[in-house]
1. How about the stretch 241-265: which of its residues are part of a helix (DSSP H, G or I) and either in contact with a Ser or Thr (Cβ under 9 Å, 6 or more places away or on another chain) or open to solvent by 60 Å² or more (accessible area, probe 1.4 Å) (or both)?
2. For the stretch 335-362, name all the residues that are more than 25 Å from the chain's Cα centre (by Cα), polar (S, T, N, Q) and part of a helix (DSSP H, G or I).
3. Scan the stretch 42-60 residue by residue and report those that are surrounded by fewer than 21 Cβ atoms within 10 Å (Cβ to Cβ) and either more than 17 Å from K8 (Cβ to Cβ) or not basic (K, R) (or both).
4. Please verify whether the stretch 87-95 includes one or more residues that are assigned to a strand (DSSP E or B) and open to solvent by 10 Å² or more (accessible area, probe 1.4 Å).
5. Does any residue of the stretch 365-375 turn out to be over 30 Å from R13 (Cα atoms) and either touching a His at 6+ places or on another chain (Cβ under 7 Å) or open to solvent by less than 30 Å² (accessible area, probe 1.4 Å) (or both)?
6. So I165 fits all but one of (1) of a type in the set (A, V, I, L, M); (2) without any contact (Cβ under 8 Å) to a residue 12 or more places away in the chain; (3) assigned to a loop (DSSP other than H, G, I, E, B); what number is the exception?
7. Restricting the search to the stretch 266-292, which residues are more than 15 Å from A325 (Cβ to Cβ) and either in a helix (DSSP H, G or I) or aromatic (F, W, Y) (or both)?
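The values are calculated or read from the model by the stated rules, or taken from the named source; none is laboratory data. Bear in mind the structure is a predicted one, so any value in this text is a computation, not a measurement. Because the Cβ atoms are built from the backbone with ideal geometry, glycine has one as well, and the counts that use them run over all protein chains shown. Each accessible area value is taken on the protein alone, full model and side chains, heavy atoms only, with ligands, DNA and RNA left out. Shrake-Rupley method; radii C 1.70, N 1.55, O 1.52, S 1.80 Å.
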Amino acid sequence: MSAIVTLKKGEGRTIKAGGAWIYDNEIDTIMGSFENGDIIIVKDFDGYPMGKGFINTNSKITVRMLTRHVDTEINEDFFRMRLQAAWDYRKKTVDTSSCRIVFGEADFLPGIVIDKFEDVLVVESLALGIDRVKNLLINILKNVLKSDGIIIKGVYERSDAKVRINEGMQPFKGFIGDEFDTNVEIVENGVHYIVDVKDGQKTGFFLDQKYNRLAIQRLCKDAKVLDCFTHTGSFALNAGIVGAASVLGVDASALAVRQAQENAKLNHLEDSVTFICKDVFDLLPELEEQGEKFDVVILDPPAFTKSRNSIKNAVKGYREINLRAMKLVKDGGFLATCSCSHFMDYELFTKTIGQAASNSHKRLRQVEFRTQAPDHPILWAADESYYLKFYIFQVTSDK
């Protein structure tokens, strides 16, 4: 028999609304024996059954829900059903040559991310319970893909995030199975990239911006473009591939800039797309002082805040770069700007951009608002699954 977690009266609002997490302070009692990582039954304060999930008392997120049905067996067939559903969804919604196949809680497999880069899988496991079945999930997924004629040549694990420590696990990275060349060539929106799944950021490449990168293409033909926080050059190369007159990509990481330069060569764009290694916060005022103007400016910064405690400083950072960027856009030109921080929510991000526009005496006409690509689905009631906010504006001067 599984151990039983009983909630306090009035708690469990998140999972009742459709979310996946139960925090330690929501739990009244835990009855029965268990080991952390085991599957347990969850009941409301009055004994009403609420489903099954992984338990880990090391973590503030003590239970991660797997199913709402207490009579469901959590076995190989269950995981096959979850993974097949995840893959079927991607086939209908995105280009699957390279995509995120599993997005944790939003695919009802809490604590694990699996990205596919052509014929390579990259796995990020962040929760103890799912970590214990990770190899089973990988084997099942390989068979799911094989049934569609996709043969996976290798799997690399990028479970090197520090949050694993909160689960009582150590960060880890390495091959699962046979070794292979960890520089993988992919094609997205007609642009070729070398993805470094071993040492690149996160799982090697930010797939969540796929269609946002595509959205800027139509603005960039014959344009002078500035791409800030370019990382390995993805927005810059999307501008270059459609015939931008010139593109300058900027990043503070020398490694990222080298990779971006290699990607430019791969696409035969090294004459029109150039990269420099510099801090964006230092560069933008310098460009303004030099009188530079651009047809399109792109801001794709890293998350300035990863907790509620640092939101104030994050707001200052977002306001500063957006204000500086607006001043560098030619009258009638375009600004693409985004935030990938879950804690910088839609309302706050929108308000901050408005403040930047007011302070820089610019008027904004919204072209479109977008979020993450559909292979990173937003599960309503699981707020953590909604993190990317992406605007395109036309920037005009007060007249």
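1. In the first step, residues of the stretch 241-265 are kept if they are part of a helix (DSSP H, G or I); the result is 241, 254-265.
Passing the criteria: I241, L255, A256, V257, R258, Q259, A260, Q261, E262, N263, A264, K265.
2. Q355, S358, N359, listed by residue number.
3. D44, F45, D46, G47, Y48, P49, G51, T57, N58
4. Going through the stretch 87-95, the residues assigned to a strand (DSSP E or B) turn out to be none.
So far as the stretch 87-95 goes, no, none of its residues is assigned to a strand (DSSP E or B) and open to solvent by 10 Å² or more (accessible area, probe 1.4 Å).
5. So the first thing to find is which residues in the stretch 365-375 are over 30 Å from R13 (Cα atoms), and the list is 365-368.
Add one more test, that the residue is either touching a His at 6+ places or on another chain (Cβ under 7 Å) or open to solvent by less than 30 Å² (accessible area, probe 1.4 Å) (or both), and what stays is none.
For the stretch 365-375, residues over 30 Å from R13 (Cα atoms) and either touching a His at 6+ places or on another chain (Cβ under 7 Å) or open to solvent by less than 30 Å² (accessible area, probe 1.4 Å) (or both): absent.
6. Against the list (1) of a type in the set (A, V, I, L, M); (2) without any contact (Cβ under 8 Å) to a residue 12 or more places away in the chain; (3) assigned to a loop (DSSP other than H, G, I, E, B), I165 comes up short only on (3).
7. Correct list: L266, F275.
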